[in-house]
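Remarks on the structure that follows.
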Amino acid sequence: MLIDSYVREARSRQASDLHLEPGLPPAYRVRGRLQLGDAPVAGRTLIDLAREVVGEGGWGDFLARRSFDGSRVVAGVRVRVNVLQSARGVGLAVRLLGATQPSLERLNLHPDLAKLAAPRHGLVLVCGATGSGKSATLAALIEHVNDTEARHVLTLEQPIEYVFRPRRAFIRQREVGRDTPSFNQGLLDALREDPDVLVVGEMREPETMRLTLAAAETGHLVLATMHASTAAEAVTRLVSSFDAEAQAGVRAQLAACLNAVVCQRLTWWPAAGRRVPELELLTATDAVRNHIREGHAFKLKSAMDTGAREGMWTLGRYRRWLEERPRFFTASDGGPPTEQAVPQVAPSGRARAPLPRATGASSAAARSAAGPHDGGVDDGAVVIGDEDVDIGDLIAQIQGS
């Protein structure tokens with residue numbers, strides 16, 4: 001594939017992310033900071049690369065939606081790819097996933113987190129900013145179940161990032177957009193599919209949150225992710241996503257089914273030679289449930305401060321544990337990736353017609369004579385001045401230049 005060389009370079013730099021944009025050099029995120037490559041990437045190259053990643057079956061969906069999410073194995077590395085339209089043309093954001101299947105040990109997480117996968121019902125929220133390792137922590141909890149218990153695990157993801165090989169557990173993975181039209185439909189289906197553990201890749205919409213809470217109340221262990229930087233923020237954000245008249249009921253529902261909230265961030269740790277999760281962990285004691293029920297999320301911080309005996313962790317306490325840890329799992333401890341590629345199927349699950357040839361160049365696009373280092377673009381890039389420009393015209397202009 002055309003993308004192979006870029007992924008190999010990103011891996012050699014130990015980058016977590018790769019960004020490709022017409023007229024700009026590749027950008028690699030290393031230890032949380034961007035490093036720029038040398039030569040700018042031509043727009044025509046990125047069109048070909050994007051089309052190869054998306055596949056002919058999904059190209060029509062990309063043209064309609066101006067974005068595509070998927071996961072692949074590229075150059076021996078499992079990656080999550082977002083193909084997007086930007087003002088310069090068609091670009092890619094690539095997340096490099098771990099070379100080995102995540103586990104609590106490999107991620108250098110505290111072994112106490114294994115207890116989060118033990119209950120038979122309830123809700124566990126894994127929170128953090130984008131790029132904080134939420135998906136990897138979720139995958140590590142699934143792997144723990146897979147290693148220890150014969151349970152039915154059903155995942156709803158967009159896209160599937162880690163492919164699990166069932167060992168003791170029976171694991172089904174469904175990709176939103178390919179295997180089910182939405183998280184909401186997948187959650188409704190899940191209640192009829194007899195899961196013991198239900199994994200929700202991301203909760204964003206109120207309806208998704210409502211169905212997730214309902215699943216946790218009806219005898220399933222639900223593991224879900226949210227964007228939040230603290231446990232108190234996670235609780236507040238979930239409740240405030242609903243209408244004001246429904247929030248009291250949601251607080252009561254959340255207080256009844258919540259097991260724990262994990263909020264994490266990645267920090268470069270010299271002893272490990274890699275970024276390591278730092279986290280806070282809130283467990284649902286009687287006091288915590290009461291704070292949630294009464295709408296006193298601001299009291300959850302003090303509950304964690306005094307809750308060490310109940311298995312709670314503050315960021316400061318967790319950092320001290322990391323400082324005292326005698327050994328870390330480093331990147332060199334892992335073996336080569338062995339994941340199988342996810343079939344390249346259109347997000348809608350159906351083949352799409354090829355891109356129709358545009359009849360003329362877009363009047364809203366113009367080439368820039370400036371070089372890439374002074375804010376312009378190279379010969380293969382197009383700047384869009386009108387947000388309603390037809391992407392087919394844009395692509396035709398690039399390909400015909």
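Taken together, the values in this text are just the output of simple stated rules run on the coordinates, not laboratory data. Note that the structure is a prediction, hence the values are computed from the model and not measured. Using ideal geometry, Cβ is built from the backbone for each residue, glycine included, and neighbour counts are taken over all protein chains shown.
Overview of values
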item: Where trypsin sites (Lys or Arg not before Pro) fall in DSSP loop in the range 106-155, at most 11 other Cβ within 10 Å; result: ARG120
item: GluC sites (Glu not before Pro) within the range 174-250: DSSP coil, no more than 14 neighbouring Cβ in 10 Å; result: GLU193
item: Among VAL288, LEU315, LEU116 the positive-end extreme of the charge dipole of the range 111-333 (Cβ point charges); result: LEU315
item: Rg/Rg_globular for the range 180-264, with Rg_globular taken as 2.2 N^0.38 Å and Rg from C-alpha atoms; result: 1.04
item: Efficiency of FRET from Cβ geometry, SER182 and ALA214, R₀ 22 Å, rounded to 0.05; result: 0.90
item: Residues VAL145, VAL73 arranged by fewest to most Cβ contacts within 10 Å; result: VAL73, VAL145
item: Computed label-point distance, nm, for sites ARG33 and GLU323 using a 7 Å Cα→Cβ extension; result: 2.3 nm
item: Residues of type lysines that LYS115 reaches as a straight line, Cα spacing below 20 Å, ignoring anything fewer than 8 places off in the same chain; result: LYS134
item: Trypsin sites (Lys or Arg not before Pro) within the range 199-266: DSSP coil, no more than 14 neighbouring Cβ in 10 Å; result: ARG204
item: Percent of beta bridges antiparallel (DSSP, the range 111-333, rounded to nearest 5); result: 30 percent
